[in-house]
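The values are calculated or read from the model by the stated rules, or taken from the named source; none is laboratory data. The structure displayed is predicted, hence computed values, not measured ones. Glycine gets a Cβ as well: all are built from the backbone with ideal geometry, and neighbour counts include every protein chain shown. These area figures cover heavy atoms from the full protein model, side chains too; ligands, DNA and RNA do not enter into them. Shrake-Rupley method; radii C 1.70, N 1.55, O 1.52, S 1.80 Å.
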Amino acid sequence: MEFLVATGVGALTASGVYLLLRGRTFAVILGLALLSYAVNVYLFAMGRLAVGVPPIIRDGVTAYTDPLPQALVLTAIVISFGMTSLIVILALRAYLETGDDHVSAEPLAEPDDELA
């Protein structure tokens with residue numbers, strides 16, 4: 001089971017990095033989403049959750065599960081949702097202003113004043 005989870009995290013990370021290196025805005029957004037999913041699965045797997053065991057220490061309970069990974073994953077989900085929505089809005093604005101969704105470090109060419 002550990003091999004399956006590790007392979008899944010590796011596949012999500014590799015796919016996310018590949019999409020981040022693409023030249024289009026939508027692929028970059030999907031790559032960031034996949035990387036955040038990979039981190040969430042990694043954090044959840046590192047918590048070693050136990051089924052049917054309470055997360056709070058009480059009298060008479062000999063075993064309990066650690067609630068910290070669950071709290072970290074819930075916080076990461078909320079933060080990644082907010083960041084993804086911000087990136088989508090920024091990408092949409094950039095597309096509407098430039099007319100292209102290509103991610104490049106080169107500045108756009110200035111329009112010719114003679115044609116206007």
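Observations on the structure shown:
The rows are residues; the columns are (1) modelled with pLDDT under 90; (2) outside any loop (DSSP other than H, G, I, E, B); (3) within 20 Å of VAL5 (Cβ to Cβ); (4) of a type in the set (Phe, Trp, Tyr).
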position	(1), (2), (3), (4)
LEU30	no, yes, no, no
ALA33	no, yes, yes, no
TYR37	no, yes, yes, yes
ASN40	no, yes, yes, no
PRO54	yes, no, no, no
ILE57	yes, no, no, no
LEU72	yes, yes, yes, no
ALA76	no, yes, yes, no
MET83	no, yes, no, no
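- Residue match in segment 43-51 (condition: at pLDDT below 80 and open to solvent by 90 Å² or more (accessible area, probe 1.4 Å)): yes
- Where a residue in segment 61-82 is at negative phi and its partner, wherever it lies, is outside any helix (DSSP H, G or I) and open to solvent by 100 Å² or more (accessible area, probe 1.4 Å), with Cβ under 6 Å and at least six apart: TYR64/ILE57
- Residue ID - nearest to ILE29 (Cα to Cα), chosen from residues in segment 54-77 that are aliphatic (A, V, I, L, M) and surrounded by fewer than 10 Cβ atoms within 10 Å (Cβ to Cβ): ILE56
- Any hit, segment 93-100, residues being surrounded by fewer than 15 Cβ atoms within 10 Å (Cβ to Cβ) and within 28 Å of THR7 (Cβ to Cβ): no
- Applying the criterion of being small (Gly, Ala, Ser) and over 12 Å from the mean Cα position of the chain (by Cα) to the residues of segment 16-42, the residue that is farthest from LEU92 (Cα to Cα) is GLY23.
- Taken residue by residue, segment 1-20 has at least one member that is modelled with pLDDT under 90, open to solvent by 70 Å² or more (accessible area, probe 1.4 Å) and not in a helix (DSSP H, G or I).
- Any chance SER104 is outside any helix (DSSP H, G or I), exposed (fewer than 14 other Cβ atoms within 10 Å of the Cβ) and among the polar types (S, T, N, Q): yes
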